[in-house]
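**Student:** Please find one structure pasted underneath; my questions will follow.
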Amino acid sequence: MQPPPFTGILADMPNPLLRAHGLHKRYGAKLALAGVSFDVAPGEVVGFLGANGAGKTTTLRILAGTLAADGGEVEIDGIDPGRSPLAARARVGYLPEHDGLFEGMQVEDLLRFHGASRGLAGQALATRVAELVARLDLRAVLAARVHECSLGYRRRVALAAALVNDPAVLLFDEPTHGLDPLQIRAFRALLRDLSPGRAILFSTHVLQEVEASCNRVVLIDEGRIVLDAPLAVLQAQAKAAGSSIEDLVVERTLARARA
C-alpha cells in the first residue's frame, strides 16, 4: 500500500530541506512509528514534542541515517539517503540525546576527527574548529579527554561535533539536557544565529524550550503526529480560549488517547 501524501503544513512549499514521508518502525511487537510525515523548510526551528516513548528519538535517528525505517521515505536537501547515504549525511548535523563521544579522545582531536570525516582538511578544518571552540566556549577543555568533561561541556562538545560540517539540516535530541540556565540561554541564541537558511528540528518534552526557541510545533504521541502548527497560531488559539499552549498540547494528546 502506498504511504499517504505529505501532511506537514509546509508540504506545498518549494524545496523543504527535510522531509519525512509515512515513516513506520517496529521494535518486535511494539509499533514505534505509524506513518509519521512532516517537512521542515529553510529558516524553520521546529520543536518536536512528545512524552517519553512517543517516538521522538526513533524519528530523529531515522532522519539522521543511524536507524533504518521499516517503511516510508526521507529526503535531505533533495537527496534520498537510501540512494546516496554519504551525500545525505554530509548535509546533516545530529546531536543525539546520549552523545556517543569517544571517551578517551582529547576534545580538540575529537573535533578535528569529526571535521576530517566530513571532508574538511588543512586551514579550513583548523578555522572551523577554532570558530566552534570560540562560539561554544570550549577552550578550557580543549586538552581534556572527553571522559574528564562535565555533562555541560560534553553537550557542548557534542554540539560542536554536530556543527563542524556547517550542515543544512540540524537534528537535536534533548539538546539542553545537562546545561545550566546560562548555557541554555546561550543555546537559544545559537539557534537564532543558525536558523537562517537551515532546517532545525529538536526534540524535547519541555514545552518552555519550544516556546522560547521555536516557530513551529510538531507533537507526536504513540508514534503518530497529532499536532503540527506554527507557534504563533497556537499562541493565538490559547489566548482566545483563555488557556495556555500546554493546555492545548495536553488536550490534543488526550483526544488522541480517547480516539
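Here, each number is a calculation from the coordinates, and none is a lab measurement. Since the structure is predicted, the reported quantities are computational estimates derived from the model, not experimental observations. Counting neighbours? That spans all protein chains shown, and the Cβs are built from the backbone with ideal geometry, glycine included.
**Student:** Once you have a ≥ b ≥ c as the square roots of the Cα gyration tensor eigenvalues for region 193-259, tell me rounded if a/c is under 1.5, and otherwise prolate or oblate according to whether a/b is larger than b/c.
**Tutor:** Note, shape of region 193-259 comes out oblate.
**Student:** Label-point separation (nm) for LEU254 and ALA241, each offset 7 Å from Cα along Cα-to-Cβ?
**Tutor:** Taking the two extended label points, one gets 1.0 nm.
**Student:** On alpha carbon coordinates alone, what is the Rg over Rh value for region 101-166, Rh being the Kirkwood radius?
**Tutor:** 0.93
**Student:** Sticking with this one: Write down the percent of antiparallel bridges among all DSSP beta bridges whose residues are both part of the chain, to the nearest 5.
**Tutor:** Just about 55 percent of them are antiparallel.
**Student:** Treat the count of other C-beta atoms within 10 Å as a stand-in for reagent exposure and order LYS25, LYS30 from fewest to most.
**Tutor:** Ascending number of Cβ neighbours within 10 Å: LYS30, LYS25.
**Student:** I would also like to ask the following. Using 0.36 nm times the number of residues separating SER117 and ASP193, minus their current alpha carbon distance, what extension gain do you get?
**Tutor:** So the extension gain works out to 24.9 nm.
**Student:** Continuing with the same structure: 222 nm [θ] for the chain, helices only, -39500 (n - 2.57) per DSSP H run of 4+, per residue, to 500?
**Tutor:** -11500 deg cm²/dmol
**Student:** Follow-up. Apply the Karplus curve 6.51 cos²θ - 1.76 cosθ + 1.60, θ = phi - 60°, to the phi angles in region 71-87 and return the couplings in whole Hz, x for Gly and Pro.
**Tutor:** x, x, 9, 10, 9, 10, 6, x, 10, 8, x, x, 8, 9, x, 5, 5
**Student:** Which one, VAL141, LEU231, LEU219, is farthest towards the positive end of the dipole of the chain when Lys and Arg carry +1 and Asp and Glu -1 on their Cβ?
**Tutor:** Of the options given, the answer is VAL141.
**Student:** Counting only Cα, what are the radius of gyration and maximum Cα-Cα distance Dmax of the chain, in Å?
**Tutor:** According to the Cα coordinates of the chain, Rg and Dmax are 18.4, 58 Å.
**Student:** What does the charge dipole of region 101-166 about its Cα centre add up to, to the nearest 20 debye, if the Cβ of each Lys and Arg holds +1 and the Cβ of each Asp and Glu holds -1?
**Tutor:** Dipole magnitude for region 101-166 comes out near 100 debye.
**Student:** Sticking with this structure for a sec: If we count other beta carbons within 10 Å of each Cβ, what is the order of ARG154, ARG256, fewest first?
**Tutor:** Least to most surrounded, the residues fall as ARG256, ARG154.
**Student:** Using only Cα atoms and rounding to the nearest 10 degrees, what angle (0 to 90) does helix 107-117 make with the longest principal axis of the chain?
**Tutor:** 70 degrees
**Student:** So what are the radius of gyration and Dmax for the Cα set of region 11-75, in Å?
**Tutor:** Rg then Dmax for region 11-75, in Å: 12.0, 38.
**Student:** What is the helix-to-structure angle for 231-241, meaning the angle in degrees between its Cα long axis and the longest Cα principal axis of the chain, kept from 0 to 90 and rounded to the nearest 10?
**Tutor:** In the chain, helix 231-241 runs at an angle near 40 degrees to the longest axis.
**Student:** Once R0 is set to 22 Å, what does the formula 1/(1 + (r/R0)^6) return for the Cβ-Cβ distance between ASP80 and ARG26, expressed as a FRET efficiency to the nearest 0.05?
**Tutor:** With R0 = 22 Å, the Cβ-Cβ based efficiency is 0.50.
**Student:** Okay, next question. Where nothing but the Cβ of Lys and Arg (+1) and of Asp and Glu (-1) is charged, how large is the charge dipole of region 1-160 around its Cα centre, in debye to the nearest 20?
**Tutor:** 280 debye
**Student:** Let me ask something else. Can you sort CYS214, CYS149 so the residue with the fewest Cβ neighbours within 10 Å comes first?
**Tutor:** The order, fewest Cβ neighbours first, is CYS149, CYS214.
**Student:** Considering only DSSP beta bridges with both partners in region 159-250, what is the antiparallel share in %, to the nearest 5?
**Tutor:** If we restrict to bridges inside region 159-250, about 55 percent are antiparallel.
**Student:** Something else now. Two decimals is fine: what's Rg over Rh for region 61-155, C-alpha atoms, Kirkwood radius as Rh?
**Tutor:** Answer for region 61-155: 1.03.
**Student:** For the chain, with a Gaussian network of springs between Cα atoms less than 10 Å apart, report the residue from ALA162, ALA32, ALA232 with the top mean-square fluctuation.
**Tutor:** ALA232
**Student:** Helix 181-194 sits at what angle to the longest principal axis of the chain, using alpha carbons and giving 0 to 90 degrees rounded to 10?
**Tutor:** Taking Cα atoms only, the helix is inclined about 80 degrees.
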